[in-house]
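The values are calculated or read from the model by the stated rules, or taken from the named source; none is laboratory data. A quick note: this is a predicted structure, and the numbers were derived from the prediction, not measured. All Cβ positions, glycine included, derive from the backbone under ideal geometry; neighbour counts span all protein chains shown.
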């Protein structure tokens, strides 16, 4: 039984990134990646059963970082307000866009793949969960209002990701656009949601 080599696996991942970025996920075959990695087509399947498995491994790089980021954010409104939350998210997103730019581009290029859909849903769940935790800390725990908060979070999330997707070639512009979006759509809207619900519940 042959032992899988970590350096070969990493070479496949690196070549996969380059191919996916340059030619797109759909136009890249495992044979192409194997050739670039200097291994046989048969050998590449010992490391990744399918092209989807390889894509999933690539996307896992940023998924783990994003999950860790949200887990470190306080869930108490007294410790972090929604405006501060989005400032942290913008700062983190800018960092990821600089360090993992190619991976983000591959992510958005593969938006019709199940991995992208799953990734996006997982990210949205982390985002809405954190918002709801913060809102719950000010006694907004009625299911009816939580649904409203989820709807608002989804709308904010779509706008946020749209800006990131279309500004990956200019990180500074992306950051500026996210900051503008925060002021126009996120910061004020988040505060309005809280104040409206407080008023409805006489808090």
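Has segment 25-44 got any residue that is outside the structural domain of residue 114 (by TED's automatic domain parsing), out of contact with any strand residue (DSSP E or B) (no Cβ under 6 Å at 6 or more places or on another chain) and closer than 23 Å to residue 95 by Cα? Scanning segment 25-44, I find no residue that is outside the structural domain of residue 114 (by TED's automatic domain parsing), out of contact with any strand residue (DSSP E or B) (no Cβ under 6 Å at 6 or more places or on another chain) and closer than 23 Å to residue 95 by Cα, so the answer is no.
Here is the figure for segment 19-42: residues that are surrounded by fewer than 15 Cβ atoms within 10 Å (Cβ to Cβ) and out of contact with any helix residue (DSSP H, G or I) (no Cβ under 7 Å at 6 or more places or on another chain) total 7.
Listed here are the residues, each with its yes/no results for (1) in a helix (DSSP H, G or I); (2) assigned by TED's automatic domain parsing to the domain that holds residue 14; (3) in contact with a helix residue (DSSP H, G or I) (Cβ under 9 Å, 6 or more places away or on another chain); (4) surrounded by 14 or more Cβ atoms within 10 Å (Cβ to Cβ).
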residue: 63; (1), (2), (3), (4): yes, no, yes, yes
residue: 66; (1), (2), (3), (4): yes, no, yes, yes
residue: 76; (1), (2), (3), (4): no, no, yes, no
residue: 102; (1), (2), (3), (4): yes, no, yes, yes
residue: 112; (1), (2), (3), (4): no, no, no, no
residue: 121; (1), (2), (3), (4): yes, no, no, no
residue: 124; (1), (2), (3), (4): yes, no, yes, yes
residue: 131; (1), (2), (3), (4): yes, no, yes, yes
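Which pairs have Cβ atoms under 7 Å, sit 6 or more apart or on different chains, and link a residue in segment 31-53 that is within 15 Å of residue 7 (Cα to Cα) to one that is outside any helix (DSSP H, G or I)? Close Cβ pairs (under 7 Å, with a partner that is outside any helix (DSSP H, G or I)) amount to 34/40; 46/4; 47/4. On the basis of being assigned by TED's automatic domain parsing to the domain that holds residue 136 and not in a helix (DSSP H, G or I), does residue 89 make the cut? So residue 89 fails the test.
Considering segment 147-171, the residues that are within 20 Å of residue 73 (Cα to Cα) and touching a helix residue (DSSP H, G or I) at 6+ places or on another chain (Cβ under 6 Å) include one that is modelled with the highest pLDDT, namely 157.
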